[in-house]
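Down below is the structure, laid out as structure tokens.
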Amino acid sequence: MAKIRTALIGCGRIALSKHVDAALSNSEKVEIVSVCDVIKERAERIADTLESRGARRPEITTSSQHIFNRYDIDAVIVATPSGTHYEISMLAMSHGKSVLVEKPMALSTHHMNDMINTARSRNLKLGVCFQNRFNPPVQELRKKIESGEFGQIFHGVISVRWNRNESYYRQAKWRGTWKEDGGVLMNQCTHGIDLLQWMLGGKVRRVMGLIKNLNHNYIEAEDLGVGIVEFHNGSVGLIEGTSNTFPENLEEVLTIFGKKGTVKIGGLAANRIEVWRFENENTHPYMKLPDPETVYGSGHIALYRDFFNSLEADKEPCITGEEGRKAVDIVLGMYLSSLTGEWVEFPFHFSTEQMGDMNKSGH
């Protein structure tokens with residue numbers, strides 16, 4: 001079968017460190033034929049890396065519209081700043097191209113609706129980069145949940161305890177802004193929140209949230225977020241996210257408590273089983289896995305394989321737009337709750353831009 005001709009839009013850190021590897025590791029299915037960034041040198045760096053590792057050198061462009069106008073490109077990878085995901089994804093789909101977009105897929109409930117509806121109406125695939133679902137320990141936990149071996153699941157906790165210092169935010173003006181990003185919950189914690197909601201049942205009834213900026217007075221958004229998520233099935237999720245961990249990243253820990261089982265997945269990025277307790281089962285081989293080199297982990301390779309398989313077979317990817325929006329909805333609900341001091345019932349409509357508007361008005 002012919003390779004799926006693909007363009008990469010956004011050639012920054014995540015593209016260089018993970019998307020290149022993912023594409024090359026799935027080279028039997030996908031070929032990056034064009035790379036695009038508003039800073040040409042970044043696109044050239046990606047092209048150089050692909051070529052040096054044995055791939056055909058892709059076209060280099062600073063115009064995403066040029067990519068959309070190419071009839072021979074079937075899919076687009078969107079790895080641009082968060083606040084641009086919606087516009088670029090919508091333009092790509094309006095030109096008939098399937099989209100795999102980095103998290104968060106958008107920063108507004110209305111925008112996520114638009115993206116999902118456009119993909120459906122045009123019979124295109126829309127996938128979201130929540131690659132940690134493919135972590136081997138996470139997959140093992142999911143199997144236990146799907147098999148029913150947990151019994152009733154009571155509650156779960158996600159704790160993301162990382163460090164983001166001033167130099168991180170100074171690297172890019174969009175980081176930490178309400179219009180283009182959000183804070184630690186939206187940027188750093190959505191992976192963990194996605195895992196939490198996936199394990200606890202997915203359908204949220206209501207959320208309560210509190211956010212604070214305790215240590216980053218040079219950004220608009222939060223560096224600490226805590227919340228409660230109540231699901232329709234009765235289970236409860238607890239969320240703790242901070243970018244204030246001294247002096248460096250500490251851990252991302254997901255713990256699930258059920259009637260017949262307890263599992264704790266920790267490590268730097270939810271990559272190692274720390275507790276595995278079921279009847280007559282108290283250990284697991286994945287307790288000795290090493291930490292990944294970065295908090296991104298290595299799940300992009302499996303994520304790419306799944307997404308491009310979905311294009312080949314005309315089936316749904318594992319993380320559709322409908323799935324990819326769930327963690328963002330929870331974060332947006334926490335933001336809204338932090339303003340009102342009340343529970344936020346689902347569904348609702350909100351965007352990170354409204355946080356900035358309300359803060360300016362002195363809410």
Filtering strands (runs of 3 or more DSSP E) wholly in segment 121-223 for at least 3 residues that are out of contact with any Ser or Thr (no Cβ under 9 Å at 6 or more places or on another chain) and surrounded by 21 or more Cβ atoms within 10 Å (Cβ to Cβ) gives none
Among Val295, Val328, the single one that is touching a Leu at 6+ places or on another chain (Cβ under 7 Å), touching a residue at least 40 places away in the same chain (Cβ under 8 Å) and either surrounded by 15 or more Cβ atoms within 10 Å (Cβ to Cβ) or of a type in the set (Ser, Thr, Tyr) (or both) is Val295
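A quick yes/no check of all residues on (1) within 17 Å of Phe134 (Cα to Cα); (2) part of a loop (DSSP other than H, G, I, E, B); (3) in contact with an Asp or Glu (Cβ under 8 Å, 6 or more places away or on another chain):
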| position | (1), (2), (3) |
| --- | --- |
| Ile265 | yes, no, yes |
| Ala270 | yes, yes, yes |
| Glu274 | no, no, no |
| Arg277 | no, no, no |
| Thr283 | no, yes, no |
| Pro290 | yes, yes, no |
| Gly297 | yes, yes, no |
| Arg305 | yes, no, no |
Scanning segment 66-76 for residues that are β-branched (Val, Ile, Thr) and outside any helix (DSSP H, G or I), the one surrounded by the fewest Cβ atoms within 10 Å (Cβ to Cβ) turns out to be Ile73
Original post:
Is there a residue being aliphatic (A, V, I, L, M) and crowded, with 18+ Cβ neighbours inside 10 Å anywhere in segment 304-315?
Top reply: yes
Exactly one of Ala79, Ala43, Ala92 is assigned by TED's automatic domain parsing to the domain that holds Gly12, within 30 Å of Leu332 (Cβ to Cβ), touching an Asp or Glu at 6+ places or on another chain (Cβ under 7 Å) and surrounded by 19 or more Cβ atoms within 10 Å (Cβ to Cβ), and that one is Ala79
Across (1) closer than 22 Å to Phe154 by Cα; (2) outside any strand (DSSP E or B); (3) within 21 Å of the chain's Cα centre (by Cα), Asn233 clears everything bar (3)
Scanning segment 105-145 residue by residue, the ones that are within 13 Å of the chain's Cα centre (by Cα), among the aliphatic types (A, V, I, L, M) and under 30 Å from Arg272 (Cβ atoms) total 2
By residue number, the members of segment 299-358 that are over 20 Å from the mean Cα position of the chain (by Cα) and hydroxyl-bearing (Ser, Thr, Tyr) are Ser337, Ser338, Thr340
Reported set for segment 69-88 where residues are in contact with a helix residue (DSSP H, G or I) (Cβ under 8 Å, 6 or more places away or on another chain) and without any contact (Cβ under 8 Å) to a residue 60 or more places away in the chain is Tyr86
Residue hits (segment 95-120; among the polar types (S, T, N, Q) and outside any helix (DSSP H, G or I)) are Ser98, Ser108
How many residues of segment 240-251 are under 18 Å from the mean Cα position of the chain (by Cα) and either under 17 Å from Ala221 (Cα atoms) or not assigned by TED's automatic domain parsing to the domain that holds Cys189 (or both)? The answer is 4
Kindly check whether there is at least one residue in segment 254-263 that is of a type in the set (Ser, Thr, Tyr), within 30 Å of Lys179 (Cα to Cα), assigned by TED's automatic domain parsing to the domain that holds Leu195 and surrounded by fewer than 20 Cβ atoms within 10 Å (Cβ to Cβ). no
Scanning segment 89-107 residue by residue, the ones that are out of contact with any helix residue (DSSP H, G or I) (no Cβ under 6 Å at 6 or more places or on another chain) and closer than 18 Å to Ile14 by Cα total 1
Output for Cβ contacts, cut-off 8 Å, separation at least six or different chains, first residue closer than 9 Å to Gly321 by Cα in segment 104-121, second surrounded by fewer than 24 Cβ atoms within 10 Å (Cβ to Cβ) and of a type in the set (D, E, K, R), reads Met105/Arg325; Met112/Arg325; Met112/Asp329; Ile116/Glu322; Ile116/Arg325; Ala119/Lys125
- Query: Can you find a residue in segment 303-325 that is farther than 16 Å from Ile193 by Cα, in the same structural domain as Val184 (by TED's automatic domain parsing) and among the aliphatic types (A, V, I, L, M)?
  - Reply: no
Within segment 105-114, residues of a type outside the set (Gly, Ala, Ser) and crowded, with 24+ Cβ neighbours inside 10 Å come out as Met105, Leu107, Met112
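The values are calculated or read from the model by the stated rules, or taken from the named source; none is laboratory data. Quick caveat: nothing in here was measured; it's all calculated off a predicted structure. Using ideal geometry, Cβ is built from the backbone for each residue, glycine included, and neighbour counts are taken over all protein chains shown.
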